[in-house]
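Structure first, commentary second.
The values are calculated or read from the model by the stated rules, or taken from the named source; none is laboratory data. All values derive from a computational prediction rather than experimental measurement. Cβ placement follows ideal geometry from the backbone for every residue including glycine, while neighbour counts extend to all protein chains displayed. The area values use the complete protein model at the heavy-atom level, side chains included, leaving out ligands, DNA and RNA. Shrake-Rupley method; radii C 1.70, N 1.55, O 1.52, S 1.80 Å.
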Amino acid sequence: MDVQSLAIPEVKLITPRRFSDDRGFFSETYNARAFAQAGVDCAFVQDNHSYSAKTGTVRGLHYQAPPHAQSKLVRVLRGSIIDVAVDARKSSPTYGQWVKAELSAENGVQIFVPKGFLHGFITLEPETEVAYKVDAFYDGPSDGSVKWNDPDLGIDWGVSDKDTSLSDKDASAPAWAAFKSPY
Ligand SMILES: Cc1cn([C@H]2C[C@H](O)[C@@H](COP(=O)(O)OP(=O)(O)O[C@H]3O[C@H](C)C(=O)[C@H](O)[C@H]3O)O2)c(=O)[nH]c1=O
């Protein structure tokens, strides 16, 4: 299993080993002991799965406020995404900074996004399916969002923000300047 820390080191990329043969491959996509040794030591309580029909579908930037803050372990089952994490921890030296990674069914790369980060992705292909584990249950009232293409954050999504599909919630998400981090 390969583990890399991104420029904000608490955000990690984990690529589990694939055992390939003439049938295809087998991979342990999550193993509590191996992931804990890699620094991902969470008691995950919920699995999520989202399907996005179109290229350019944006989901995010989202967070859940404490005490419902979530760490997330994200992977792509079909298609590909650019996945982004934004440091929203007020005391962090990297507050307001972001990291990104391309996750795909082909590369098998997973991203670990700890509590205290905004999370979002944009799909690079139609019919993209994303599965992720979270270590706190969904709590709608503590769910919040920040504008995905906010100019102050200046996230380089690597794709044009034309022809994107967003939920109404994301299309009207507040600006970073108006965001009061709960972390
Ligand atoms: C997240 C979630 C949502 N829901 C319900 C609430 C809504 O009625 C419906 C769609 O939710 P939403 O539009 O928030 O789904 P996404 O836009 O994919 O949100 C997710 O996108 C980004 C990438 C994230 O990191 C979060 O996990 C999550 O916010 O599912 C649930 O019942 N349980 C849940 O855990």
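Kindly sort Asp168, Asp135, Asp21 by accessible area of their heavy atoms, largest first, with the probe set to 1.4 Å.
Descending accessible area places them as Asp168, Asp21, Asp135.
Largest mean-square fluctuation among Asn31, Asn149, Asn107, in a Gaussian network model of the chain whose springs join Cα atoms under 10 Å apart, belongs to Asn31.
For the pair Ala36 and Ala53, the difference between a 0.36 nm per residue extended length and the Cα-Cα distance amounts to 2.7 nm.
Take the Cβ-Cβ distance between Ser142 and Lys162 as r, set R0 to 25 Å, and report the resulting FRET efficiency rounded to the nearest 0.05. Computed FRET efficiency for Ser142 and Lys162 comes out at 0.20.
Consider all pairwise Cα distances in the chain and report the whole-number % of them above 20 Å.
53 percent
Any idea what the relative contact order of the chain is, in percent, if you count C-alpha pairs under 8 Å spaced at least 6 apart?
Details: 411 pairs, mean separation 52.4, N = 183.
Reported as a whole number, the value is 29 percent.
Under a Gaussian network description of the chain, with springs only between Cα atoms under 10 Å, the residue in Val134, Val74, Val159 that fluctuates furthest is Val159. A simple spin-label model places the labels of Thr29 and Met1 1.5 nm from each other, with each point 7 Å out along Cα-to-Cβ.
For the chain, the solvent-accessible area of protein heavy atoms averages 50 Å² per residue (probe radius 1.4 Å; ligands and nucleic acids excluded).
Summarise the accessible area of the range 1-96 (1.4 Å probe, protein heavy atoms) by the percent that is carbon and sulfur.
50 percent
Between Lys90, Lys147, Lys115, the residue with the greatest mean-square fluctuation in the GNM of the chain (Cα pairs under 10 Å linked by springs) is Lys90.
Mean residue ellipticity at 222 nm, helices only, the chain: -1000 deg cm²/dmol; runs of at least 4 DSSP H residues each add -39,500 (n - 2.57), and the sum is divided by the number of residues. Karplus-based coupling profile of the range 144-151, in residue order and whole Hz: x, 8, 9, 4, 5, 10, 4, x, with θ = phi - 60° in 6.51 cos²θ - 1.76 cosθ + 1.60 and x standing for Gly or Pro.
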